[in-house]
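Heads up, the thing below is written out as C-alpha coordinates.
The values are calculated or read from the model by the stated rules, or taken from the named source; none is laboratory data. These numbers were taken from a predicted model, which means no experiment stands behind them. No Cβ is skipped: glycine too gets one built from the backbone with ideal geometry, and neighbour counts run over all protein chains shown.
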Amino acid sequence: MSQGSASPSAPRVRIMGVVNVTPDSFSDGGRFLEPARAIEHGLQLIAEGADLLDIGGESTRPGAAPLAAEEELRRVVPVVAGLRARCRAPLSIDTQHAEVARAALDAGATIVNDVSAGRHDPRLLPLLAERGAGFVAMHMQGSPRDMQREPRYADVLAEVREFLRERIAAALAAGVARAGLWIDPGIGFGKTLEHNLALLAGTRELALLGQPLLVGVSRKSFVAALEQRAQSPASAPGERLGGTLAASLFAARAGASILRAHDVAPLRQALLVDEALAAR
Ligand code: HH2
(Lines give C-alpha, C1' and ligand atoms only; values in the text may rest on other atoms or scores of the structure.)
Protein backbone atom coordinates (compact mmCIF):
# COMPACT_ATOMS: atom_id res chain seq x y z
CA MET A 1 0.00 0.00 0.00
CA SER A 2 2.90 2.36 -0.59
CA GLN A 3 2.13 5.71 -2.14
CA GLY A 4 5.34 6.00 -4.14
CA SER A 5 5.33 5.34 -7.88
CA ALA A 6 6.41 1.94 -9.14
CA SER A 7 8.94 3.55 -11.49
CA PRO A 8 10.13 7.13 -11.89
CA SER A 9 8.19 7.53 -15.14
CA ALA A 10 4.90 6.06 -13.88
CA PRO A 11 2.19 8.49 -12.73
CA ARG A 12 2.39 9.60 -9.06
CA VAL A 13 -1.27 8.79 -8.62
CA ARG A 14 -2.15 5.11 -8.37
CA ILE A 15 -4.89 3.61 -10.55
CA MET A 16 -7.30 1.05 -9.10
CA GLY A 17 -8.89 -0.87 -12.00
CA VAL A 18 -12.50 -1.98 -11.52
CA VAL A 19 -13.48 -5.63 -12.10
CA ASN A 20 -17.24 -6.02 -11.67
CA VAL A 21 -18.35 -9.67 -11.48
CA THR A 22 -22.03 -8.73 -11.51
CA PRO A 23 -25.03 -8.94 -13.84
CA ASP A 24 -26.19 -5.43 -12.92
CA SER A 25 -23.37 -2.92 -12.33
CA PHE A 26 -24.39 0.50 -13.58
CA SER A 27 -21.81 0.74 -16.36
CA ASP A 28 -20.63 -2.77 -17.24
CA GLY A 29 -23.08 -5.18 -15.59
CA GLY A 30 -23.13 -8.63 -17.21
CA ARG A 31 -19.95 -8.17 -19.24
CA PHE A 32 -17.64 -10.01 -16.84
CA LEU A 33 -19.95 -12.34 -14.92
CA GLU A 34 -18.11 -15.42 -16.20
CA PRO A 35 -14.99 -15.88 -14.01
CA ALA A 36 -12.71 -16.43 -17.01
CA ARG A 37 -13.86 -13.17 -18.60
CA ALA A 38 -13.47 -11.25 -15.36
CA ILE A 39 -9.93 -12.60 -14.93
CA GLU A 40 -9.01 -11.68 -18.53
CA HIS A 41 -10.48 -8.23 -17.97
CA GLY A 42 -8.44 -7.75 -14.78
CA LEU A 43 -5.24 -8.80 -16.56
CA GLN A 44 -6.07 -6.41 -19.39
CA LEU A 45 -6.48 -3.54 -16.90
CA ILE A 46 -3.07 -4.36 -15.40
CA ALA A 47 -1.55 -4.42 -18.89
CA GLU A 48 -3.07 -0.95 -19.41
CA GLY A 49 -1.38 0.35 -16.25
CA ALA A 50 -3.61 -0.40 -13.27
CA ASP A 51 -1.55 -0.56 -10.07
CA LEU A 52 -4.15 -2.64 -8.25
CA LEU A 53 -7.55 -4.18 -8.96
CA ASP A 54 -10.87 -3.85 -7.11
CA ILE A 55 -13.06 -6.93 -7.53
CA GLY A 56 -16.75 -6.64 -6.71
CA GLY A 57 -19.63 -9.13 -6.79
CA GLU A 58 -22.44 -6.86 -5.59
CA SER A 59 -23.60 -3.77 -7.45
CA THR A 60 -23.96 -0.72 -5.21
CA ARG A 61 -25.63 1.41 -7.89
CA PRO A 62 -28.55 3.57 -6.70
CA GLY A 63 -31.62 1.40 -6.05
CA ALA A 64 -29.67 -1.88 -5.93
CA ALA A 65 -31.17 -4.50 -3.60
CA PRO A 66 -28.78 -6.24 -1.18
CA LEU A 67 -27.33 -9.56 -2.33
CA ALA A 68 -26.96 -12.72 -0.24
CA ALA A 69 -23.35 -13.17 0.85
CA GLU A 70 -23.30 -16.74 -0.54
CA GLU A 71 -24.00 -15.51 -4.07
CA GLU A 72 -21.46 -12.71 -3.73
CA LEU A 73 -18.88 -15.26 -2.57
CA ARG A 74 -19.66 -17.57 -5.46
CA ARG A 75 -19.01 -14.75 -7.92
CA VAL A 76 -15.84 -13.23 -6.53
CA VAL A 77 -13.74 -16.00 -5.01
CA PRO A 78 -12.80 -17.75 -8.30
CA VAL A 79 -11.90 -14.39 -9.80
CA VAL A 80 -9.68 -13.35 -6.89
CA ALA A 81 -8.00 -16.78 -6.89
CA GLY A 82 -7.55 -16.73 -10.68
CA LEU A 83 -6.04 -13.25 -10.67
CA ARG A 84 -3.79 -14.08 -7.71
CA ALA A 85 -2.41 -17.02 -9.70
CA ARG A 86 -1.73 -14.90 -12.76
CA CYS A 87 -0.55 -11.49 -11.56
CA ARG A 88 1.33 -9.78 -8.74
CA ALA A 89 -0.78 -6.62 -8.45
CA PRO A 90 -2.48 -6.04 -5.09
CA LEU A 91 -6.11 -7.22 -5.15
CA SER A 92 -8.91 -5.43 -3.31
CA ILE A 93 -12.30 -6.96 -2.60
CA ASP A 94 -15.25 -4.55 -2.82
CA THR A 95 -17.67 -5.88 -0.20
CA GLN A 96 -19.67 -4.94 2.87
CA HIS A 97 -19.68 -8.49 4.25
CA ALA A 98 -17.06 -9.97 6.57
CA GLU A 99 -17.59 -13.50 5.26
CA VAL A 100 -16.98 -12.39 1.68
CA ALA A 101 -13.94 -10.41 2.80
CA ARG A 102 -12.59 -13.43 4.69
CA ALA A 103 -12.94 -15.75 1.69
CA ALA A 104 -11.39 -13.17 -0.64
CA LEU A 105 -8.45 -12.66 1.73
CA ASP A 106 -8.03 -16.44 1.85
CA ALA A 107 -8.00 -16.48 -1.96
CA GLY A 108 -5.27 -13.83 -2.17
CA ALA A 109 -6.79 -10.37 -1.78
CA THR A 110 -4.96 -8.03 0.62
CA ILE A 111 -7.29 -5.02 0.73
CA VAL A 112 -10.98 -4.69 1.59
CA ASN A 113 -12.93 -1.81 0.03
CA ASP A 114 -16.15 -1.29 1.97
CA VAL A 115 -18.69 1.30 0.80
CA SER A 116 -20.15 1.24 4.34
CA ALA A 117 -16.72 1.94 5.92
CA GLY A 118 -17.09 -0.97 8.32
CA ARG A 119 -20.57 0.00 9.58
CA HIS A 120 -22.61 -2.65 7.76
CA ASP A 121 -20.95 -5.70 9.30
CA PRO A 122 -19.42 -5.31 12.79
CA ARG A 123 -17.19 -8.33 12.15
CA LEU A 124 -15.32 -6.60 9.34
CA LEU A 125 -12.88 -4.31 11.20
CA PRO A 126 -11.72 -7.05 13.63
CA LEU A 127 -11.18 -9.34 10.65
CA LEU A 128 -9.02 -6.74 8.90
CA ALA A 129 -6.98 -6.24 12.05
CA GLU A 130 -6.50 -9.99 12.52
CA ARG A 131 -5.37 -10.44 8.90
CA GLY A 132 -3.30 -7.27 8.62
CA ALA A 133 -5.38 -6.32 5.58
CA GLY A 134 -5.62 -2.90 3.98
CA PHE A 135 -8.91 -1.02 4.22
CA VAL A 136 -10.74 1.54 2.07
CA ALA A 137 -13.31 3.38 4.20
CA MET A 138 -15.88 5.14 2.00
CA HIS A 139 -18.59 7.63 2.92
CA MET A 140 -22.19 6.80 1.98
CA GLN A 141 -25.42 8.40 3.22
CA GLY A 142 -28.08 5.68 3.58
CA SER A 143 -27.76 2.38 1.72
CA PRO A 144 -27.53 1.74 -2.04
CA ARG A 145 -31.25 0.97 -2.13
CA ASP A 146 -32.34 4.38 -0.79
CA MET A 147 -29.29 6.65 -0.94
CA GLN A 148 -30.38 8.76 -3.94
CA ARG A 149 -33.95 9.34 -2.70
CA GLU A 150 -33.33 12.65 -0.97
CA PRO A 151 -29.76 13.09 0.15
CA ARG A 152 -29.44 15.97 2.62
CA TYR A 153 -26.55 17.69 4.36
CA ALA A 154 -26.20 21.02 6.16
CA ASP A 155 -22.55 21.18 5.00
CA VAL A 156 -21.60 18.17 2.90
CA LEU A 157 -17.83 18.69 3.01
CA ALA A 158 -17.74 19.20 6.78
CA GLU A 159 -20.00 16.19 7.40
CA VAL A 160 -18.07 13.84 5.12
CA ARG A 161 -14.79 15.05 6.65
CA GLU A 162 -16.12 14.34 10.17
CA PHE A 163 -17.44 10.94 9.12
CA LEU A 164 -14.09 9.95 7.62
CA ARG A 165 -12.26 11.23 10.70
CA GLU A 166 -14.52 9.08 12.87
CA ARG A 167 -14.08 5.97 10.67
CA ILE A 168 -10.28 6.41 10.70
CA ALA A 169 -10.47 6.43 14.51
CA ALA A 170 -12.78 3.38 14.55
CA ALA A 171 -10.51 1.41 12.22
CA LEU A 172 -7.39 2.28 14.21
CA ALA A 173 -9.16 1.42 17.48
CA ALA A 174 -10.08 -1.99 16.02
CA GLY A 175 -6.42 -2.61 15.20
CA VAL A 176 -6.30 -1.82 11.47
CA ALA A 177 -2.82 -0.55 10.55
CA ARG A 178 -2.62 3.16 9.73
CA ALA A 179 -0.28 2.41 6.81
CA GLY A 180 -2.99 0.41 5.07
CA LEU A 181 -5.93 2.74 5.65
CA TRP A 182 -7.40 4.74 2.78
CA ILE A 183 -10.39 7.07 2.82
CA ASP A 184 -12.91 7.94 0.10
CA PRO A 185 -15.65 10.63 -0.07
CA GLY A 186 -17.96 8.23 -1.95
CA ILE A 187 -18.86 10.25 -5.03
CA GLY A 188 -22.46 9.39 -6.01
CA PHE A 189 -23.29 7.55 -2.80
CA GLY A 190 -26.17 9.53 -1.26
CA LYS A 191 -25.24 12.78 -3.00
CA THR A 192 -26.83 15.25 -5.39
CA LEU A 193 -24.89 16.95 -8.19
CA GLU A 194 -24.14 19.87 -5.87
CA HIS A 195 -22.91 17.54 -3.11
CA ASN A 196 -20.61 15.71 -5.52
CA LEU A 197 -19.17 18.96 -6.84
CA ALA A 198 -18.64 20.32 -3.32
CA LEU A 199 -16.81 17.14 -2.31
CA LEU A 200 -14.59 17.11 -5.39
CA ALA A 201 -13.84 20.79 -4.88
CA GLY A 202 -12.91 19.90 -1.29
CA THR A 203 -10.44 17.16 -2.25
CA ARG A 204 -7.49 19.11 -0.84
CA GLU A 205 -9.22 19.47 2.51
CA LEU A 206 -10.08 15.75 2.69
CA ALA A 207 -6.50 14.84 1.82
CA LEU A 208 -5.45 16.80 4.93
CA LEU A 209 -7.04 14.10 7.09
CA GLY A 210 -3.70 12.39 6.65
CA GLN A 211 -4.68 9.06 5.10
CA PRO A 212 -4.30 8.45 1.35
CA LEU A 213 -7.42 9.62 -0.43
CA LEU A 214 -9.11 7.35 -2.97
CA VAL A 215 -11.59 8.96 -5.38
CA GLY A 216 -14.05 7.14 -7.62
CA VAL A 217 -15.56 9.35 -10.32
CA SER A 218 -15.44 6.86 -13.19
CA ARG A 219 -18.51 7.00 -15.47
CA LYS A 220 -20.65 8.38 -12.64
CA SER A 221 -23.97 10.13 -13.13
CA PHE A 222 -22.78 13.60 -12.05
CA VAL A 223 -21.20 13.81 -15.52
CA ALA A 224 -24.61 13.29 -17.13
CA ALA A 225 -26.23 15.66 -14.63
CA LEU A 226 -23.84 18.42 -15.75
CA GLU A 227 -24.73 17.70 -19.38
CA GLN A 228 -28.42 18.01 -18.56
CA ARG A 229 -27.79 21.24 -16.67
CA ALA A 230 -26.18 22.53 -19.88
CA GLN A 231 -29.33 21.58 -21.85
CA SER A 232 -27.62 18.67 -23.63
CA PRO A 233 -28.68 15.02 -23.62
CA ALA A 234 -27.41 12.93 -20.71
CA SER A 235 -24.73 10.48 -21.82
CA ALA A 236 -24.86 6.76 -21.02
CA PRO A 237 -22.25 5.51 -18.49
CA GLY A 238 -19.94 4.16 -21.23
CA GLU A 239 -19.90 7.60 -22.90
CA ARG A 240 -18.62 9.55 -19.89
CA LEU A 241 -14.89 9.25 -20.46
CA GLY A 242 -14.33 12.98 -21.04
CA GLY A 243 -16.06 13.95 -17.81
CA THR A 244 -14.35 11.11 -15.96
CA LEU A 245 -10.90 12.28 -17.06
CA ALA A 246 -11.63 15.93 -16.22
CA ALA A 247 -12.77 15.04 -12.69
CA SER A 248 -9.93 12.56 -12.23
CA LEU A 249 -7.24 15.09 -13.13
CA PHE A 250 -8.86 17.69 -10.90
CA ALA A 251 -8.87 15.25 -7.95
CA ALA A 252 -5.30 14.13 -8.68
CA ARG A 253 -4.01 17.70 -8.73
CA ALA A 254 -5.81 18.41 -5.46
CA GLY A 255 -4.10 15.56 -3.63
CA ALA A 256 -5.96 12.32 -4.36
CA SER A 257 -3.57 9.35 -4.14
CA ILE A 258 -5.62 6.64 -5.85
CA LEU A 259 -8.22 6.87 -8.62
CA ARG A 260 -10.77 4.06 -9.05
CA ALA A 261 -11.35 3.61 -12.78
CA HIS A 262 -13.02 1.48 -15.44
CA ASP A 263 -11.02 2.98 -18.34
CA VAL A 264 -7.43 2.54 -17.22
CA ALA A 265 -5.43 3.24 -20.40
CA PRO A 266 -6.91 6.70 -21.10
CA LEU A 267 -6.67 7.66 -17.44
CA ARG A 268 -3.01 6.68 -17.26
CA GLN A 269 -2.28 8.65 -20.43
CA ALA A 270 -4.09 11.70 -19.05
CA LEU A 271 -2.21 11.49 -15.74
CA LEU A 272 1.15 11.22 -17.50
CA VAL A 273 0.48 14.37 -19.51
CA ASP A 274 -1.01 16.28 -16.60
CA GLU A 275 1.80 15.41 -14.20
CA ALA A 276 4.48 16.25 -16.78
CA LEU A 277 2.91 19.66 -17.35
CA ALA A 278 2.33 20.33 -13.66
CA ALA A 279 6.03 19.62 -12.99
CA ARG A 280 7.24 22.40 -15.38
N1 HH2 B 1 -17.91 3.29 -6.59
C2 HH2 B 1 -18.56 2.16 -6.95
C3 HH2 B 1 -18.34 0.95 -6.27
N4 HH2 B 1 -17.45 0.87 -5.27
N5 HH2 B 1 -15.83 1.91 -3.91
C6 HH2 B 1 -15.15 3.00 -3.54
N7 HH2 B 1 -14.25 2.94 -2.55
N8 HH2 B 1 -15.35 4.22 -4.16
C9 HH2 B 1 -16.25 4.36 -5.17
O10 HH2 B 1 -16.41 5.51 -5.67
C11 HH2 B 1 -16.99 3.22 -5.57
C12 HH2 B 1 -16.76 1.98 -4.91
C13 HH2 B 1 -19.54 2.20 -8.09
O14 HH2 B 1 -18.93 1.82 -9.30
P15 HH2 B 1 -19.07 0.36 -9.96
O16 HH2 B 1 -18.37 -0.65 -9.09
O17 HH2 B 1 -18.60 0.39 -11.36
O18 HH2 B 1 -20.62 0.12 -10.00
P19 HH2 B 1 -21.58 -0.92 -9.27
O20 HH2 B 1 -21.61 -0.55 -7.81
O21 HH2 B 1 -22.92 -0.73 -9.96
O22 HH2 B 1 -21.01 -2.30 -9.46
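Summary table
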quantity: Thr110, sole failed condition from (1) more than 16 Å from the ligand (Cβ to nearest atom); (2) farther than 23 Å from Ile187 by Cβ; calculated: (1)
quantity: Filtered residue count, segment 4-23, keeping only those that are within 14 Å of the ligand (Cβ to nearest atom), part of a loop (DSSP other than H, G, I, E, B) and in contact with an Asp or Glu (Cβ under 9 Å, 6 or more places away or on another chain); calculated: 2
quantity: Sole residue being over 15 Å from Thr60 (Cβ atoms) and touching a His at 6+ places or on another chain (Cβ under 9 Å), chosen from Leu206, Leu164, Leu213, Leu200; calculated: Leu164
quantity: Hey, Ala104 more than 14 Å from the ligand (Cβ to nearest atom), within 22 Å of Gly134 (Cβ to Cβ) and surrounded by 24 or more Cβ atoms within 10 Å (Cβ to Cβ) or not; calculated: yes
quantity: Yes/no for Glu40 being surrounded by fewer than 17 Cβ atoms within 10 Å (Cβ to Cβ), under 28 Å from Gly190 (Cβ atoms) and among the charged types (D, E, K, R); calculated: no
quantity: Segment 176-233, subset out of contact with any Gly (no Cβ under 8 Å at 6 or more places or on another chain) and basic (Lys, Arg), residue farthest from the ligand (Cβ to nearest atom); calculated: Arg229
quantity: Residue in segment 213-232 that is within 16 Å of the chain's Cα centre (by Cα) and farther than 18 Å from Phe26 by Cβ present; calculated: yes
quantity: Single unsatisfied condition, Ala69 versus (1) farther than 21 Å from Arg123 by Cβ; (2) away from the ligand (no atom under 15 Å from the Cβ); (3) at pLDDT below 95; calculated: (1)
quantity: For Val76: the one exception among (1) hydrophobic (A, V, I, L, M, F, W, C); (2) more than 16 Å from the ligand (Cβ to nearest atom); (3) within 17 Å of the chain's Cα centre (by Cα); (4) closer than 25 Å to His120 by Cβ; calculated: (2)
quantity: Index of the failed condition, Gln141 passing every other in (1) more than 24 Å from Leu53 (Cα to Cα); (2) in contact with a strand residue (DSSP E or B) (Cβ under 9 Å, 6 or more places away or on another chain); (3) polar (S, T, N, Q); calculated: (2)
quantity: Subset of segment 24-37 that is in a loop (DSSP other than H, G, I, E, B) and without any contact (Cβ under 8 Å) to a residue 12 or more places away in the chain - its residue that is surrounded by the fewest Cβ atoms within 10 Å (Cβ to Cβ); calculated: Gly30
quantity: Single unsatisfied condition, Ala36 versus (1) more than 13 Å from the ligand (Cβ to nearest atom); (2) over 18 Å from Ala261 (Cα atoms); (3) touching a strand residue (DSSP E or B) at 6+ places or on another chain (Cβ under 7 Å); calculated: (3)
quantity: Segment 115-148, residues that are small (Gly, Ala, Ser), under 17 Å from the mean Cα position of the chain (by Cα) and either more than 11 Å from the ligand (Cβ to nearest atom) or at positive phi (or both); calculated: Ala117, Gly118, Ala133, Gly134, Ser143
quantity: Index of the failed condition, Glu166 passing every other in (1) charged (D, E, K, R); (2) part of a loop (DSSP other than H, G, I, E, B); (3) over 25 Å from Asp274 (Cβ atoms); calculated: (2)
quantity: Segments classed as helices (runs of 4 or more DSSP H), wholly inside segment 181-280, with at least 1 members that are of a type in the set (A, V, I, L, M), touching a residue at least 40 places away in the same chain (Cβ under 8 Å) and closer than 14 Å to Leu164 by Cβ; calculated: 193-201, 203-207
